[in-house]
Each structure stands twice: as C-alpha cells, then as structure tokens.
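Undergrad: There's a structure below that I have some questions on.
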Amino acid sequence: MNQLIQAIRSEQLKQKRTLALRLAFIAPLAIIVLQFYLLYQNGLTYLEGDQSPWVYWTRQTLQFWALLMAPLFITLETALVAQLDHKQQCWKQLFVLPISRWAIYGAKIIASLAFLALSTLTLLAGILVGGSICPLKAGFGIQRFNSVGRCTKPARDCVYWLLPDYCSAFLDSPVLVQLCHSSWYRHRHDRSRYICYQFRFSQLLSVGLIRAGSEQLCQRSISAHAITAIRSGRRCHPSGWRMAVFTTGCIVTTQFHTRCRSLITNNKKGPDVRAL
Amino acid sequence: MSTDIVTTTNLTRRFDDVTAVNNLNLMVPDGSIYGFLGPNGAGKTTTIRMLLGLIHPSEGEVCIFGKPLSAERKSVLARIGSLVESPAYYEHLTGRENLEVFRRLTDWPKSRIADVLKLVRLTDVQNRLVRTYSMGMKQRLGLAMALLGKPDLLILDEPTNGLDPAGITEIRELITRLPQEQGITVFLSSHLLSEVEQIATHIGIIQNGYLRFQGELSALHSETNEQVVVKVNRLNEAKQVLDQSGWKYVSNGAQKLSITAHSASDAAVINKQLVQAGIDVYHLLWERPSLEDIFLTLTNGENKS
C-alpha cells in the first residue's frame, strides 16, 4: 500500500506538462462547445411542448459523451499514460527498482482514472455553465426550469429521469480504462498475457452488461414516465438510433485503439518484447 | 581472495528456438570493474536483463550478494543501480524532475538528487528539459539514475553507446572513479574492446551465448603470446637462424617475420642472434596483442571449428 502511494506520487510528477493532462479538459469542453452551438442555433426546433430544455441539453451532451467521446477519450488517454513509459523504455528502469510491479501498474490505472474523473467533472461543470448561458436566447424558457429539471415537478423526478443517462455516460468508463490498460501492457513473452485475455473478455462482458443495464433502466423509466414522454412528444432513447451510433462508435474506437497501439509499439524504440 | 558479488550457475535463456545465453557461469569479484565483452547479438543484453530480473532465465540461477535473485528480488535490487542500453528518461521533464520521479518510488532521501547531479556534473543544467539535453548529458543522467540509490553494484549495458570521443572519455572517467571513491563494483558490457581494456580489472568474453574467457585482464594477456616483428634483408638466412634457436615464427609479407615471444627481453635475444649471424635488422617491434586481437583469435577460432 505504501508502495502504491509512492508510485502514485511519482506518476503525478510524471504527468506534468503532458498532453494527457490537457486532454482531460479539452475533450469534455469540445463536446460542450459543440453541443452548445447545436442547441443554441437549432435547439428551438427540437424542443417541443413544455419539455425541459435542461433535460434535453443534459441528455444530448451526456449521450454525445458516452457514445462517441468517452471511448475515444479513454483510449487515447490510457495510451498516452502508457506511452510515457514506453517511449524511452522507462519500464526497464522502473522494474529494476525495489518496488512491486503491481504498484507501478496500479498507479498507472489510478492516474488514468484520475484523468477520467477530471474530465467528468469538467463535463458536468460545462453542462451547468452551458445550461446557464442558454437563457440569454429568448424562447427556450430555460429560466423557468431549474438545473435538475422542471420546477413544477419535484426535483427527484428529474434526477430519476436523467439517472440512466448518467449511468450510461459514466458507469462503464472506469471499466473501459482498465480494459484499455490491460491491452497496452500485453507483451509477447509475458506469461500474464493469457490472464490479460481472460481479463479483457470478462471486462468486455461487464461493459456490455452495464450498457444493457442502463438501456433497461431507460426503458423502465420511459414506461414509468410514459405520460411525460408522450407529452414531450419524443422518445427519449430511440433504440435503433442508439444502437447504430453505438456500433459506429465501437468500430471507430476499435480502429482508433489499433492506431494507438501502433503508436505505442511501432515507434523506433518501441518496447522490447524480450525485456518485458 | 575477494568474494564474488555476482555469480550465475548454468544460466540459460532461450527465445523460441534461439538460445541466446548458454550455460553461463559468471563470477564478478567484489570491488572490481568487470568488463563483459562480446560482439553484437552475443547475449550480453540478455544476460544483463536476467541479472536484473527483467526476464526470467530458462534454466540456471542468478545469485547477487550471495542471495538468489528469484527469491529475494526486492532486497537485491535495492542495492543495484543499472543503466540498460539507452538511458530511460522522460523528455518533457527537467533533469531534476526525472530523478525525482524515480526517487519518489523509493525511500531514498531527497538530498541524494543533488549529490548524484554533482557527481555526474549536471548541476548546471538540472532545470532544463531533458528534451534539450545532448546525448552525453542524457547518458550522464542515466548514470545519475543508476547511482541514485547508493548502489553497491552498478550494472551498465553499453554505457558509451552512441557517444562521441569526448563523451566516452567523460563516462570512462566517471566509471573508473566510482570503485575508488564509493567502493562500488561495476559490471559493464561493451563491444568496444579498447574501451573495456582501459578501465576493466576483470574480463568476461561471451560469444553466441557461450562464455569464452573469464578472469583478470592480466591473465588474459598472459594467456596469449606477444610477438616480435622484425624486418630483415636476407629472409631465408634469418629463418635458418631462428630455426636453429628454436623460435616459432610466421612470415608475413616481404622480409617481415612475426616471432612468438614471451617477454620483452626475448626481443633483445632475437635481435642479438640475428645480428651475430650477419643479418641486417631494419626494423624491430615488440607487439603486445590488444584485446581486439585476442578477441578475434578467440572468436574466429570458434567460427572455424
């Protein structure tokens, strides 16, 4: 445990001035800016009846994040965290220190999780700020709603409304972080690669389960709030559309993942499979 | 008789169907500078990686400070400093921060950073990004990292690789200083034979994964014979004279003879005999074979057989 803390403190210094650190702010802010632009320009045509613009805005942003940006962000983020030690073969220097390897790996995962937390907080802050700027444009009626939803209904309702979105946006991300990490650190001569394969498989399964679970939750919440859904005139989670985006996202992410992998392994001084 | 700091017993490592290191029995005495020599691909780096526990041996065992590495990895590694091939550093950090990254991973005191920076003479550039360092500075930073934990054993893999002559001299000075000043045993590998010859006290020669020679540098020299090269005016008569006195020789080129000798005084004896026989000696050279020659004899002999 002591070693893990030492490794985390070392990792903390290592991440100074890196792209990984900047990316934790850039990625969520990019989503916010894009979504805000869309909402501000065309939001009025999508908003119908007395649907809360807060719910619409938050959901759109979260979905964009969960389906497209988060997988890409996590892939790139973990790759950058891993690449830091691959680039100049720093692994060999780390592994000859009197410290357990799991502390080093653990610190890496914790560093990525910290970046993830940072980006999540940035995203949530962005949602709040973005939603607060919206009333500048007349017609939204956003000022009639508080930040968790309609002021005419209890806030708990709206939290429940958006709960599945929060779940699907954030729950599987830590799992994805580990998934990516186990794939970066797989080496040809490493005995643990078989464990890693099993690990990845089980993780893929859990990502799928979480996604399916949040989907279920959505359906349930839709039926529970059927009237609200009908009144808002829109289906909140059109499954077909969602699946299409998810599949595309998966393909893009896999491609991206492969690119990142070659980024790590194909540079001239790439990791020596004999060493690790 | 000093004790051995590093011993390996029948150390073997196979990669798929290639045996990189074969039945290696190394003995590195305390306080020595052990030069580990071999051509590229001989198994030097593989051996060093096994010594550091970066890869596991297929067979055999590594004992450092009298303890088996596999069983007491942490306590053994705590007393070793290493620089394997190119130095490992983070380009986006300063030299000082680089050392701090590694210091934070262990319990070494903070003052060590200033100490090692001074030792490798990087104090002036400690706050510059490593990206802007020259090759020699990076290499010295690597050495500083190796020395950070006050090691008793320093393992260096090709420490002068890719350096210019000035950089090589600098590193060489530093390495020779260490055993004297700090009582560190140095194990260093190289394919630059002249390099090792100048600083090592003990030598191990590896080729194709087999250990060809191991022992003190002087033992290596005594194992191979010196030569006296003479240039004479009448070659055939000179040969007769040498035959009569029982010298072994080879004729190399016009009027030149290479005679096997054991000491410098042999040269005087040969000269006297030739001159007394009325042969003019134009040129006489006592040649002590360099490590390079010894190395070539040792390795070529193997290739032929």
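Undergrad: Can you tell me which of (1) more than 35 Å from the chain's Cα centre (by Cα); (2) modelled with pLDDT of 80 or more; (3) part of a loop (DSSP other than H, G, I, E, B) is the one B:Q273 doesn't meet?
TA: (3)
Undergrad: Here's something else I'd like to know. Go through (1) in contact (Cβ under 8 Å) with a residue 40 or more places away in the chain; (2) part of a loop (DSSP other than H, G, I, E, B) and name the single condition B:V6 misses.
TA: Failed condition: (2).
Undergrad: While we're here: Contact list please: Cβ distance under 7 Å, first residue in region A:32-49 and modelled with pLDDT under 80, second residue among the charged types (D, E, K, R), pairs at least six apart or on different chains.
TA: A:Y40/A:K137; A:E48/A:R234; A:G49/A:R231
Undergrad: Also, I was wondering about something else. Select from region B:35-63 the residues that are of a type in the set (A, V, I, L, M) and within 14 Å of chain A (Cβ to nearest Cβ) and write down the one among them that is farthest from B:I199 (Cα to Cα).
TA: Restricting to residues being of a type in the set (A, V, I, L, M) and within 14 Å of chain A (Cβ to nearest Cβ), the top hit is B:I55.
Undergrad: Within region B:15-23, identify whether any single residue is under 21 Å from the mean Cα position of the chain (by Cα), away from chain A (no Cβ under 13 Å) and among the polar types (S, T, N, Q), and answer yes or no.
TA: yes
Undergrad: (1) more than 11 Å from chain A (Cβ to nearest Cβ); (2) part of a helix (DSSP H, G or I); (3) touching a residue at least 12 places away in the same chain (Cβ under 8 Å): which one isn't true of B:K118, the others all being true?
TA: Going through (1) more than 11 Å from chain A (Cβ to nearest Cβ); (2) part of a helix (DSSP H, G or I); (3) touching a residue at least 12 places away in the same chain (Cβ under 8 Å) one by one, B:K118 breaks only (3).
Undergrad: Related question: Inspect all residues belonging to region B:64-79 and state whether any of them is away from chain A (no Cβ under 11 Å), of a type in the set (F, W, Y) and either in contact (Cβ under 8 Å) with a residue 12 or more places away in the chain or part of a strand (DSSP E or B) (or both).
TA: So far as region B:64-79 goes, yes, one or more of its residues are away from chain A (no Cβ under 11 Å), of a type in the set (F, W, Y) and either in contact (Cβ under 8 Å) with a residue 12 or more places away in the chain or part of a strand (DSSP E or B) (or both).
Undergrad: Any residue in region B:133-142 that is farther than 24 Å from B:T176 by Cα, within 11 Å of chain A (Cβ to nearest Cβ) and either part of a helix (DSSP H, G or I) or within 21 Å of the chain's Cα centre (by Cα) (or both)?
TA: No - not one qualifying residue is present in region B:133-142.
Undergrad: Here is a further query. Would you pick out the residues in region B:148-159 that are modelled with pLDDT under 90 and away from chain A (no Cβ under 12 Å)?
TA: Listed by number, the residues that qualify are B:K150, B:E158, B:P159.
Undergrad: Would you check if B:S82 is outside any loop (DSSP other than H, G, I, E, B), among the small types (G, A, S) and touching a Leu at 6+ places or on another chain (Cβ under 7 Å)?
TA: So B:S82 passes the test.
Undergrad: Of the conditions (1) at pLDDT 90 or above; (2) at the interface with chain A (Cβ under 7 Å from one of its Cβ atoms), B:V84 clears all except one; give me its number.
TA: (1)
Undergrad: In the set A:S112, A:S100, which member is among the polar types (S, T, N, Q) and in contact with an Asp or Glu (Cβ under 8 Å, 6 or more places away or on another chain)?
TA: A:S112
Undergrad: Here's something else I'd like to know. Of the residues B:S194, B:S218, only one is farther than 29 Å from B:R14 by Cα, part of a helix (DSSP H, G or I) and in contact with an Asp or Glu (Cβ under 7 Å, 6 or more places away or on another chain); which?
TA: None of the others qualify; the one that does is B:S194.
Undergrad: Return yes when A:P53 is away from chain B (no Cβ under 14 Å), farther than 30 Å from B:V76 by Cβ, modelled with pLDDT of 85 or more and crowded, with 20+ Cβ neighbours inside 10 Å and no when it is not.
TA: For A:P53, the condition - away from chain B (no Cβ under 14 Å), farther than 30 Å from B:V76 by Cβ, modelled with pLDDT of 85 or more and crowded, with 20+ Cβ neighbours inside 10 Å - is not met.
Undergrad: Only one of these conditions is not met by B:A42: (1) assigned to a loop (DSSP other than H, G, I, E, B); (2) over 24 Å from the mean Cα position of the chain (by Cα). Which number is it?
TA: (2)
Undergrad: Let me ask you something else. Within the set of pairs 6 or more residues apart or between chains, which connect a residue that is more than 12 Å from chain B (Cβ to nearest Cβ) and within 17 Å of B:T106 (Cα to Cα) inside region A:97-112 to a residue that is surrounded by fewer than 21 Cβ atoms within 10 Å (Cβ to Cβ) and at pLDDT 85 or above with Cβ atoms less than 6 Å apart?
TA: Pairs that qualify, where the first residue is more than 12 Å from chain B (Cβ to nearest Cβ) and within 17 Å of B:T106 (Cα to Cα) and the partner is surrounded by fewer than 21 Cβ atoms within 10 Å (Cβ to Cβ) and at pLDDT 85 or above, are A:G106/A:L4.
Undergrad: Can you go through B:G136, B:G95 and tell me which one is free of Cβ contacts under 8 Å to residues at least 40 places away in the same chain and touching a helix residue (DSSP H, G or I) at 6+ places or on another chain (Cβ under 6 Å)?
TA: Being free of Cβ contacts under 8 Å to residues at least 40 places away in the same chain and touching a helix residue (DSSP H, G or I) at 6+ places or on another chain (Cβ under 6 Å) holds for just one of B:G136, B:G95, which is B:G136.
Residue-wise test of (1) within 22 Å of the chain's Cα centre (by Cα); (2) at pLDDT below 90; (3) closer than 16 Å to B:I199 by Cβ; (4) not hydroxyl-bearing (S, T, Y).
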{"site": "B:S111", "(1), (2), (3), (4)": "no, no, no, no"}
{"site": "B:L117", "(1), (2), (3), (4)": "no, no, no, yes"}
{"site": "B:M145", "(1), (2), (3), (4)": "yes, no, no, yes"}
{"site": "B:N161", "(1), (2), (3), (4)": "yes, yes, yes, yes"}
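Undergrad: Residues in region B:67-116 that are surrounded by fewer than 21 Cβ atoms within 10 Å (Cβ to Cβ), of a type in the set (A, V, I, L, M, F, W, C) and closer than 24 Å to B:L178 by Cα: how many?
TA: Number satisfying all stated conditions: 3.
Undergrad: Every residue in region B:160-188 that is hydrophobic (A, V, I, L, M, F, W, C), closer than 20 Å to B:T7 by Cα and either within 14 Å of chain A (Cβ to nearest Cβ) or not in a strand (DSSP E or B) (or both), please.
TA: Listed by number, the residues that qualify are B:I184, B:F187.
Undergrad: Applying the selection to region B:236-254, what residues are surrounded by 15 or more Cβ atoms within 10 Å (Cβ to Cβ) and not in a strand (DSSP E or B)?
TA: Once the filter is applied, which keeps residues that are surrounded by 15 or more Cβ atoms within 10 Å (Cβ to Cβ) and not in a strand (DSSP E or B), region B:236-254 yields B:A238, B:K239, B:V241, B:L242, B:W247.
The values are calculated or read from the model by the stated rules, or taken from the named source; none is laboratory data. Since this is a predicted model, take the numbers as computed values, not measurements. Every residue, glycine among them, receives a Cβ derived from its backbone with ideal geometry; neighbour counts consider all protein chains shown.
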